[in-house]
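Take a look at the structure set out below.
Here, each number is a calculation from the coordinates, and none is a lab measurement. The model shown is predicted, which means the values in this text are computed figures rather than measured ones. Reconstructed Cβ throughout: ideal geometry from the backbone, glycine too, with neighbour counts over all protein chains shown.
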């Protein structure tokens, strides 16, 4: 979940991209910025890069005074005390991120006595690979949770180790059944926005000269004005609005010119959960289990059952009887005693077989 520390880090990163666009930024390290101003010791001289430190929090007095004496500015990000309030105005609920296609792939080729599964693509954590074997109403299923270090070959080996009579040669796995289904699914993430918070933050400029202060302020204020969203580590956005500016020349006698750029940041505290994807959805009819079709599986060309005279066979609802694939080496079993749903459609398992009473 995002909290104030995440907001501070995001604001520091935003300022670092503006002040040090060419890189070279080290947290709290003094480095030449992209802002130009005359050196404090020679106000009439030509402009040079302002050297500054950038960090979260409040500066230490001794370090700040020593740096200002050397012409080094400080830019610090700090939440304003008492500047936060609860601005929750949405119903809290779980929001599921859109599912993405898995990067690991599986292709099945059925032979006369066995089937081969060729694994390809790129393995990635959060994916689930599996194989279902056997025609009829209770296929056996095997699953493997893909790890970040896996390859298609290691996935094939892991699954082959679970299946009796199976073997793996690199990314090619052979299984002892012609009725084979292989799938890969990708999990997703759900987020629950538990609370919205609006907090005022200050980007404090502690500068060795008014010219350095004005240059840094103009550059950073422009960047803040052009930024409407900050991305938090948990994927939620933080919204930015103008919160005011504050100038102080009172410490100038000590060589310090100060300005604060205030922004109102609205961010969410959230709970995040990883959701697993269903590999083989299952169901049951009259106590017999079966794997049901999944819309994510590309459909095979439809097959229509006909009688000896070539007439299309219809179910009780007037729907053509058919399947979605060949089983048992190309033999299609006749749909005798096929089970029919309440809308008149024939129930078909994932292999294209009509679900029938035993």
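Values computed for the structure shown
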| item | result |
| --- | --- |
| Calculated FRET efficiency for the pair residue 198/residue 103, C-beta based, R₀ 51 Å, to 0.05 | 0.85 |
| Full-stretch length increase - residue 145, residue 239 - with 0.36 nm per residue and alpha-carbon distance subtracted | 30.1 nm |
| FRET efficiency, residue 114 to residue 90 (Cβ-Cβ, R0 56 Å, nearest 0.05) | 0.55 |
| Sorted peptide list for 42-49, 106-113, criterion being average Cβ within 10 angstrom, highest first | 106-113, 42-49 |
| Where only alpha carbons of the range 12-81 are counted, the Rg and the Dmax (Å) | 12.6, 40 |
| Calculated FRET value between residue 42 and residue 4, using beta carbons and R₀ = 56 Å, to 0.05 | 0.85 |
| Length gained when the stretch residue 122-residue 81 is fully extended (0.36 nm per residue, less Cα-Cα span) | 9.9 nm |
| Per residue convex hull volume, Cα atoms of the range 88-201, in Å³ | 139 |
| Protection proxy ranking of 216-228, 144-156 - average other beta-carbon atoms within 10 Å, highest first | 144-156, 216-228 |
